[in-house]
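Down below is the structure, laid out as C-alpha coordinates.
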Amino acid sequence: MEHPQQPEDSMSQDLSEAVKAASREVHSQAENSEFMKNFQKGQVTRDGFKLLMASLYHIYTALEAEIEDNKENPVYAPLYFPEELHRRAALEQDMAFWYGPRWQEAIPYTKATRRYVRRLQEVGRTEPELLVAHAYTRYLGDLSGGQVLKKIAQKALDLPSSGEGVAFFTFPHVVSATKFKQLYRSRMNSLEMTPEVRHRVIEEVKSSFLLNIQLFEELQELLTRDTKDQSPSKAPELRRRAGSRAQDPTPSETPGGKLPLSILSPVPLLRWVLTLSFLVATVAVGLYAM
Ligand code: HEM
(Lines give C-alpha, C1' and ligand atoms only; values in the text may rest on other atoms or scores of the structure.)
Protein backbone atom coordinates (compact mmCIF):
# COMPACT_ATOMS: atom_id res chain seq x y z
CA MET A 1 0.00 0.00 0.00
CA GLU A 2 1.38 3.43 -0.95
CA HIS A 3 1.45 6.15 1.66
CA PRO A 4 2.22 9.85 1.42
CA GLN A 5 5.40 11.12 3.06
CA GLN A 6 5.22 10.91 6.85
CA PRO A 7 5.02 14.41 8.30
CA GLU A 8 7.28 15.39 11.20
CA ASP A 9 5.57 15.37 14.58
CA SER A 10 4.75 18.86 15.75
CA MET A 11 2.81 20.00 18.79
CA SER A 12 0.27 21.71 16.52
CA GLN A 13 -0.73 18.30 15.16
CA ASP A 14 -3.47 16.34 16.93
CA LEU A 15 -2.20 13.28 18.81
CA SER A 16 -4.37 10.97 16.68
CA GLU A 17 -2.80 12.31 13.49
CA ALA A 18 0.68 12.19 14.95
CA VAL A 19 0.42 8.52 15.97
CA LYS A 20 -1.11 7.56 12.64
CA ALA A 21 1.71 9.26 10.76
CA ALA A 22 4.40 7.86 13.04
CA SER A 23 3.11 4.29 12.73
CA ARG A 24 2.54 4.27 8.97
CA GLU A 25 5.75 2.41 8.27
CA VAL A 26 5.36 -0.18 11.04
CA HIS A 27 1.72 -0.66 10.03
CA SER A 28 2.87 -1.54 6.58
CA GLN A 29 5.47 -3.92 8.06
CA ALA A 30 2.73 -5.60 10.11
CA GLU A 31 0.47 -5.98 7.06
CA ASN A 32 3.36 -7.40 5.09
CA SER A 33 4.56 -9.91 7.69
CA GLU A 34 4.39 -13.42 6.24
CA PHE A 35 1.68 -14.48 8.70
CA MET A 36 -0.56 -11.54 7.79
CA LYS A 37 0.15 -11.77 4.07
CA ASN A 38 -0.88 -15.41 4.08
CA PHE A 39 -3.94 -14.54 6.13
CA GLN A 40 -5.00 -11.88 3.62
CA LYS A 41 -4.62 -14.41 0.81
CA GLY A 42 -7.01 -16.71 2.65
CA GLN A 43 -4.15 -19.01 3.54
CA VAL A 44 -4.99 -19.19 7.22
CA THR A 45 -5.10 -22.62 8.79
CA ARG A 46 -7.00 -23.82 11.75
CA ASP A 47 -3.72 -24.23 13.67
CA GLY A 48 -2.55 -20.73 12.79
CA PHE A 49 -5.85 -19.14 13.70
CA LYS A 50 -6.04 -20.98 17.03
CA LEU A 51 -2.52 -19.88 17.92
CA LEU A 52 -3.30 -16.26 17.07
CA MET A 53 -6.55 -16.26 19.03
CA ALA A 54 -4.92 -17.78 22.12
CA SER A 55 -2.22 -15.10 22.01
CA LEU A 56 -4.85 -12.41 21.68
CA TYR A 57 -6.68 -13.86 24.67
CA HIS A 58 -3.58 -13.42 26.85
CA ILE A 59 -2.85 -9.97 25.42
CA TYR A 60 -6.34 -8.56 25.91
CA THR A 61 -6.65 -10.10 29.37
CA ALA A 62 -3.51 -8.21 30.37
CA LEU A 63 -4.42 -5.00 28.53
CA GLU A 64 -7.92 -4.84 29.96
CA ALA A 65 -6.74 -5.62 33.51
CA GLU A 66 -4.41 -2.62 33.30
CA ILE A 67 -7.18 -0.50 31.77
CA GLU A 68 -9.55 -1.40 34.63
CA ASP A 69 -6.90 -0.38 37.14
CA ASN A 70 -6.53 2.97 35.38
CA LYS A 71 -10.11 3.69 34.34
CA GLU A 72 -10.33 6.71 36.60
CA ASN A 73 -6.84 7.95 35.94
CA PRO A 74 -7.13 11.12 33.77
CA VAL A 75 -4.31 9.82 31.56
CA TYR A 76 -6.68 7.10 30.35
CA ALA A 77 -10.24 7.83 31.57
CA PRO A 78 -11.54 9.54 28.37
CA LEU A 79 -10.70 6.36 26.41
CA TYR A 80 -12.51 3.98 28.76
CA PHE A 81 -15.15 2.25 26.58
CA PRO A 82 -15.59 -1.21 28.13
CA GLU A 83 -18.98 -1.97 26.53
CA GLU A 84 -17.95 -0.95 23.07
CA LEU A 85 -14.39 -2.20 22.96
CA HIS A 86 -13.35 -4.73 25.58
CA ARG A 87 -12.56 -8.09 24.03
CA ARG A 88 -11.85 -10.44 26.92
CA ALA A 89 -15.38 -11.88 27.18
CA ALA A 90 -15.54 -12.38 23.41
CA LEU A 91 -12.14 -14.09 23.43
CA GLU A 92 -13.32 -16.43 26.21
CA GLN A 93 -16.17 -17.51 23.94
CA ASP A 94 -13.71 -18.05 21.11
CA MET A 95 -11.37 -20.04 23.36
CA ALA A 96 -14.25 -22.37 24.32
CA PHE A 97 -15.16 -22.75 20.65
CA TRP A 98 -11.63 -23.55 19.49
CA TYR A 99 -10.19 -25.40 22.48
CA GLY A 100 -13.26 -26.87 24.20
CA PRO A 101 -14.62 -26.52 27.75
CA ARG A 102 -11.21 -27.08 29.37
CA TRP A 103 -9.59 -24.38 27.24
CA GLN A 104 -7.89 -22.74 30.19
CA GLU A 105 -5.60 -25.75 30.57
CA ALA A 106 -5.24 -26.25 26.83
CA ILE A 107 -4.31 -22.90 25.32
CA PRO A 108 -0.70 -22.16 24.39
CA TYR A 109 1.18 -19.18 25.78
CA THR A 110 4.10 -18.37 23.50
CA LYS A 111 7.27 -16.43 24.23
CA ALA A 112 6.36 -13.40 22.11
CA THR A 113 2.95 -13.30 23.76
CA ARG A 114 4.59 -13.28 27.19
CA ARG A 115 6.87 -10.44 26.11
CA TYR A 116 3.85 -8.40 24.96
CA VAL A 117 1.95 -9.16 28.19
CA ARG A 118 4.95 -8.16 30.30
CA ARG A 119 5.18 -4.81 28.53
CA LEU A 120 1.46 -4.15 29.02
CA GLN A 121 1.77 -4.87 32.74
CA GLU A 122 4.84 -2.68 33.03
CA VAL A 123 3.08 0.20 31.28
CA GLY A 124 -0.12 -0.15 33.33
CA ARG A 125 1.81 -0.21 36.59
CA THR A 126 4.64 2.22 36.01
CA GLU A 127 3.77 4.44 33.02
CA PRO A 128 -0.05 4.45 32.71
CA GLU A 129 0.16 7.55 30.54
CA LEU A 130 1.36 5.18 27.78
CA LEU A 131 -1.70 2.88 27.95
CA VAL A 132 -3.32 5.02 25.26
CA ALA A 133 -0.64 3.80 22.85
CA HIS A 134 -1.50 0.13 23.35
CA ALA A 135 -5.25 0.67 23.36
CA TYR A 136 -5.03 2.72 20.15
CA THR A 137 -2.90 0.15 18.32
CA ARG A 138 -5.14 -2.77 19.15
CA TYR A 139 -8.68 -1.41 19.24
CA LEU A 140 -8.46 0.91 16.25
CA GLY A 141 -6.73 -1.87 14.34
CA ASP A 142 -9.48 -4.32 15.27
CA LEU A 143 -12.10 -1.85 14.04
CA SER A 144 -10.20 -1.37 10.75
CA GLY A 145 -8.23 -4.24 9.18
CA GLY A 146 -9.66 -6.62 11.79
CA GLN A 147 -13.03 -6.48 10.07
CA VAL A 148 -11.49 -7.69 6.81
CA LEU A 149 -9.67 -10.49 8.63
CA LYS A 150 -12.93 -11.66 10.18
CA LYS A 151 -14.52 -12.24 6.77
CA ILE A 152 -11.41 -13.97 5.44
CA ALA A 153 -11.26 -16.32 8.45
CA GLN A 154 -14.94 -17.18 8.20
CA LYS A 155 -14.53 -18.14 4.56
CA ALA A 156 -11.18 -19.89 4.82
CA LEU A 157 -12.08 -21.88 7.92
CA ASP A 158 -15.63 -22.54 6.80
CA LEU A 159 -17.11 -20.99 9.94
CA PRO A 160 -20.82 -20.35 10.49
CA SER A 161 -22.02 -16.89 9.47
CA SER A 162 -23.58 -16.58 12.95
CA GLY A 163 -20.11 -15.52 14.15
CA GLU A 164 -19.04 -18.51 16.25
CA GLY A 165 -15.28 -18.72 16.53
CA VAL A 166 -14.79 -15.07 15.56
CA ALA A 167 -16.52 -13.28 18.44
CA PHE A 168 -13.28 -11.35 18.93
CA PHE A 169 -13.80 -9.52 15.63
CA THR A 170 -17.44 -8.67 16.35
CA PHE A 171 -18.31 -5.43 18.13
CA PRO A 172 -22.05 -5.58 18.85
CA HIS A 173 -22.02 -2.24 20.67
CA VAL A 174 -20.29 -0.34 17.89
CA VAL A 175 -22.93 0.62 15.34
CA SER A 176 -20.57 2.38 12.94
CA ALA A 177 -16.86 1.61 13.13
CA THR A 178 -16.03 4.78 11.21
CA LYS A 179 -18.00 7.03 13.57
CA PHE A 180 -16.65 5.29 16.64
CA LYS A 181 -13.08 5.71 15.41
CA GLN A 182 -13.77 9.44 14.97
CA LEU A 183 -15.04 9.68 18.53
CA TYR A 184 -12.03 7.71 19.80
CA ARG A 185 -9.59 9.98 17.98
CA SER A 186 -11.26 13.09 19.41
CA ARG A 187 -10.96 11.58 22.92
CA MET A 188 -7.28 10.89 22.28
CA ASN A 189 -6.84 14.50 21.22
CA SER A 190 -8.49 15.69 24.42
CA LEU A 191 -5.85 14.06 26.65
CA GLU A 192 -3.66 16.60 28.30
CA MET A 193 0.01 15.78 28.01
CA THR A 194 3.39 17.44 28.07
CA PRO A 195 5.55 17.32 24.90
CA GLU A 196 7.75 14.78 26.69
CA VAL A 197 4.84 12.42 27.40
CA ARG A 198 3.49 12.90 23.90
CA HIS A 199 6.85 11.87 22.52
CA ARG A 200 6.85 8.72 24.66
CA VAL A 201 3.28 7.86 23.62
CA ILE A 202 4.26 8.07 19.95
CA GLU A 203 7.31 5.87 20.56
CA GLU A 204 5.15 3.39 22.49
CA VAL A 205 2.71 3.10 19.57
CA LYS A 206 5.63 2.05 17.37
CA SER A 207 6.85 -0.40 20.04
CA SER A 208 3.37 -1.82 20.31
CA PHE A 209 3.27 -2.48 16.55
CA LEU A 210 6.69 -4.14 16.85
CA LEU A 211 5.40 -6.43 19.60
CA ASN A 212 2.64 -7.48 17.23
CA ILE A 213 5.07 -8.02 14.38
CA GLN A 214 7.34 -10.14 16.60
CA LEU A 215 4.31 -12.18 17.56
CA PHE A 216 3.38 -12.79 13.91
CA GLU A 217 6.96 -13.79 13.13
CA GLU A 218 6.99 -16.22 16.02
CA LEU A 219 3.64 -17.76 15.08
CA GLN A 220 4.78 -18.16 11.49
CA GLU A 221 7.98 -19.84 12.65
CA LEU A 222 6.05 -22.21 14.93
CA LEU A 223 3.67 -23.13 12.12
CA THR A 224 6.46 -23.63 9.57
CA ARG A 225 8.45 -25.76 12.01
CA ASP A 226 5.40 -27.83 12.81
CA THR A 227 4.54 -28.39 9.14
CA LYS A 228 8.16 -29.47 8.45
CA ASP A 229 8.00 -31.90 11.38
CA GLN A 230 5.00 -33.64 9.84
CA SER A 231 5.57 -36.59 7.54
CA PRO A 232 4.69 -35.78 3.91
CA SER A 233 1.51 -37.79 4.20
CA LYS A 234 0.39 -35.81 7.23
CA ALA A 235 1.32 -32.31 6.03
CA PRO A 236 -1.76 -31.76 3.88
CA GLU A 237 -3.89 -32.87 6.81
CA LEU A 238 -2.34 -30.18 8.99
CA ARG A 239 -3.38 -27.55 6.48
CA ARG A 240 -6.92 -28.87 6.42
CA ARG A 241 -9.66 -26.27 6.85
CA ALA A 242 -11.73 -26.40 10.04
CA GLY A 243 -14.74 -28.63 9.87
CA SER A 244 -17.99 -27.99 11.67
CA ARG A 245 -16.62 -29.30 14.98
CA ALA A 246 -13.89 -26.88 15.88
CA GLN A 247 -12.60 -28.81 18.87
CA ASP A 248 -11.85 -32.09 17.07
CA PRO A 249 -8.17 -32.81 17.67
CA THR A 250 -6.13 -32.33 14.52
CA PRO A 251 -2.86 -34.22 13.98
CA SER A 252 -1.02 -31.23 15.40
CA GLU A 253 -2.75 -31.45 18.75
CA THR A 254 -2.47 -33.70 21.72
CA PRO A 255 -5.72 -35.32 22.86
CA GLY A 256 -6.10 -32.64 25.55
CA GLY A 257 -6.20 -29.99 22.81
CA LYS A 258 -2.69 -28.72 23.57
CA LEU A 259 -0.35 -27.87 20.75
CA PRO A 260 2.44 -30.40 20.41
CA LEU A 261 5.74 -29.82 22.13
CA SER A 262 7.40 -29.63 18.74
CA ILE A 263 5.85 -26.23 18.09
CA LEU A 264 6.29 -24.75 21.55
CA SER A 265 9.73 -25.91 22.61
CA PRO A 266 13.21 -25.46 21.13
CA VAL A 267 14.73 -27.96 18.69
CA PRO A 268 15.26 -31.18 20.66
CA LEU A 269 18.72 -31.77 22.08
CA LEU A 270 18.81 -35.23 20.53
CA ARG A 271 18.75 -33.77 17.04
CA TRP A 272 21.81 -31.64 17.84
CA VAL A 273 23.67 -34.56 19.40
CA LEU A 274 23.02 -36.71 16.32
CA THR A 275 24.12 -33.93 13.96
CA LEU A 276 27.29 -33.36 15.96
CA SER A 277 28.09 -37.11 16.07
CA PHE A 278 27.63 -37.29 12.32
CA LEU A 279 30.05 -34.39 11.77
CA VAL A 280 32.67 -35.89 14.10
CA ALA A 281 32.37 -39.28 12.32
CA THR A 282 32.74 -37.59 8.89
CA VAL A 283 35.90 -35.75 9.99
CA ALA A 284 37.33 -38.96 11.54
CA VAL A 285 36.74 -40.95 8.33
CA GLY A 286 38.33 -38.11 6.33
CA LEU A 287 41.43 -38.11 8.54
CA TYR A 288 41.68 -41.89 8.40
CA ALA A 289 41.49 -41.86 4.59
CA MET A 290 44.42 -39.36 4.42
C1 HEM B 1 -3.68 -7.84 7.32
C2 HEM B 1 -3.29 -6.89 8.07
C3 HEM B 1 -3.89 -5.53 8.13
C4 HEM B 1 -4.67 -4.85 7.26
C5 HEM B 1 -5.20 -5.32 5.91
C6 HEM B 1 -4.95 -3.57 7.83
C7 HEM B 1 -5.72 -2.60 7.23
C8 HEM B 1 -6.04 -1.39 7.78
C9 HEM B 1 -6.87 -0.38 7.19
C10 HEM B 1 -7.54 -0.50 5.82
C11 HEM B 1 -6.94 0.65 8.03
C12 HEM B 1 -7.74 1.92 7.85
C13 HEM B 1 -6.85 3.05 7.49
C14 HEM B 1 -7.59 4.35 7.57
O15 HEM B 1 -8.71 4.42 8.10
O16 HEM B 1 -7.03 5.32 7.11
C17 HEM B 1 -6.17 0.30 9.19
C18 HEM B 1 -6.02 1.10 10.28
C19 HEM B 1 -5.34 0.72 11.40
N20 HEM B 1 -4.67 -0.45 11.61
FE21 HEM B 1 -4.46 -1.93 10.31
N22 HEM B 1 -4.36 -3.49 9.03
C23 HEM B 1 -3.70 -4.66 9.26
C24 HEM B 1 -2.96 -5.01 10.35
C25 HEM B 1 -2.85 -4.24 11.46
C26 HEM B 1 -2.15 -4.63 12.65
C27 HEM B 1 -1.43 -5.96 12.84
C28 HEM B 1 -2.28 -3.62 13.53
C29 HEM B 1 -1.75 -3.51 14.91
C30 HEM B 1 -1.74 -4.49 15.76
C31 HEM B 1 -3.06 -2.59 12.89
C32 HEM B 1 -3.40 -1.40 13.46
C33 HEM B 1 -4.13 -0.41 12.85
C34 HEM B 1 -4.47 0.85 13.48
C35 HEM B 1 -4.08 1.30 14.87
C36 HEM B 1 -5.24 1.56 12.58
C37 HEM B 1 -5.86 2.94 12.78
C38 HEM B 1 -5.05 3.98 12.08
C39 HEM B 1 -5.65 5.35 12.38
O40 HEM B 1 -6.68 5.66 11.83
O41 HEM B 1 -5.05 6.07 13.18
N42 HEM B 1 -3.38 -3.00 11.64
N43 HEM B 1 -5.63 -0.93 9.01
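The values are calculated or read from the model by the stated rules, or taken from the named source; none is laboratory data. Remember, it's a predicted structure, so these values are computed and weren't measured experimentally. A quick note on method: Cβ atoms are made from the backbone with ideal geometry, for glycine too, and the neighbour counts reach across all protein chains shown. The area values use the complete protein model at the heavy-atom level, side chains included, leaving out ligands, DNA and RNA. Shrake-Rupley method; radii C 1.70, N 1.55, O 1.52, S 1.80 Å.
The label point for K179 and the one for S12, both projected 7 Å from the Cα toward the Cβ, are 3.3 nm apart.
Taking a ≥ b ≥ c as the square roots of the eigenvalues of the alpha-carbon gyration tensor, region 150-212 is classed oblate because a/c is 1.5 or more while a/b is no larger than b/c.
Using a cut-off of under 16 Å, list every residue of region 192-208 whose amide N is near the label point 7 Å from the Cα of E25 along the Cα-to-beta-carbon line. Label zone hits: 202-208. The HN-Hα couplings worked out from phi for region 211-228 by the Karplus form 6.51 cos²θ - 1.76 cosθ + 1.60 (θ = phi - 60°) are 4, 5, 5, 4, 5, 4, 5, 5, 4, 4, 5, 4, 5, 5, 4, 5, 5, 5 Hz, whole numbers, x standing for Gly and Pro.
Placing unit charges on the Cβ atoms only, positive for Lys and Arg and negative for Asp and Glu, gives region 11-229 a dipole magnitude near 500 debye about its Cα centre. Karplus-based coupling profile of region 103-110, in residue order and whole Hz: 4, 4, 8, 9, 6, x, 9, 7, with θ = phi - 60° in 6.51 cos²θ - 1.76 cosθ + 1.60 and x standing for Gly or Pro.
Phi-derived couplings, Karplus 6.51 cos²θ - 1.76 cosθ + 1.60 at θ = phi - 60°, listed residue by residue for region 131-146: 4, 3, 5, 6, 5, 4, 4, 7, 5, 5, x, 5, 7, 10, x, x Hz, with x used for Gly and Pro. Answer rounded, prolate or oblate for region 1-85, using the Cα gyration tensor with square roots of eigenvalues a ≥ b ≥ c: rounded when a/c is under 1.5, else prolate when a/b is larger than b/c, else oblate. Oblate, since a/c reaches 1.5 and b/c is not below a/b. Solvent-accessible surface of protein heavy atoms, probed at 1.4 angstrom with all chains present, puts W98, W103 in the order W103, W98, largest first. Multiplying the residue separation of E68 and R114 by 0.36 nm and subtracting their alpha-carbon distance yields 14.6 nm.
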